[in-house]
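Here the structure is laid out as C-alpha cells; the discussion comes afterwards.
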Amino acid sequence: MTELRPEHFRQLYADLRKVKNQKTGKPLSEHTVEGVHATLCTILSDAMEGGFLNHNPAWRTYRYTGRKTEKKIADPETLQKIISALEEESLKHEAYFKLII
C-alpha cells in the first residue's frame with residue numbers, strides 16, 4: 001500500500017473511462033468513476049488514521065472530464081421584471097437579490 005502513487009490512480013480512472021458497461025455496452029459513466037475515487041479516498045483515509053499510511057495518495061488525483069455546460073442567464077427584459085418586482089419587497093431582500101443579479 002505504501003508504494004501507491006497518484007499516477008496509479010490517474011491511470012486507473014483513465015482506464016475505467018474506457019471500460020464498457022456490461023448491460024448497456026456504453027462506457028462507464030463519469031459518476032461511476034467519481035464513485036470509485038470517493039471509495040478509494042475513504043479507504044486510504046482510514047488507512048492513514050490507522051497508521052498504515054502517512055498520506056493519502058488518491059487525494060487530488062480525480063478531475064471530472066465531463067462536458068462543461070453553458071450557464072443559463074436571464075435576458076435583460078427578465079432581469080428588469082425581477083428588479084421591478086423586488087422594489088415592492090423589503091429593502092433587505094431587494095438589496096440581496098440586486099447583488100446576486
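Laboratory data are not the source of any read-out in this text; all were calculated from the coordinates shown. Just so it is clear, the structure is predicted and the values come from calculations on it, not from any experiment. Here the Cβ positions follow ideal geometry from the backbone for every residue, glycine too, while neighbour counts run over all protein chains shown.
List of remarks:
- Result for the chain in a Gaussian network model with C-alpha springs under 10 Å: among Thr42, Thr24, Thr78, the largest mean-square fluctuation is at Thr78.
- In segment 15-76, chymotrypsin sites (Phe, Trp or Tyr not before Pro) in a DSSP loop with at most 15 other beta-carbon atoms within 10 Å: Phe52, Trp59, Tyr64
- Neighbour counts of other Cβ atoms within 10 Å put Ile82, Ile100 in the fewest-to-most order Ile100, Ile82.
- For segment 1-69, relative contact order (Cα pairs under 8 Å, six or more residues apart, normalised by length) works out to 38 percent.
- On the beta carbon distance between His31 and Thr2, with R0 = 35 Å, the FRET formula returns roughly 0.70.
- Amide H within-cut-off set for Leu53, under 5 Å, with H built and near neighbours excluded: Met48
- For the chain, the calculated P(r) over all alpha carbon pairs, in 10 Å bins from 0 to the bin holding the longest distance, is 13, 26, 16, 13, 20, 10, 0 percent.
- Residues Glu70, Glu30, Glu89, arranged from fewest to most other Cβ atoms within 10 angstrom of their Cβ, appear as Glu70, Glu89, Glu30.
- Using a Gaussian network model of the chain in which every pair of alpha carbons under 10 angstrom is joined by a spring, one finds that among Leu28, Leu79, Leu16 the greatest mean-square fluctuation is at Leu79.
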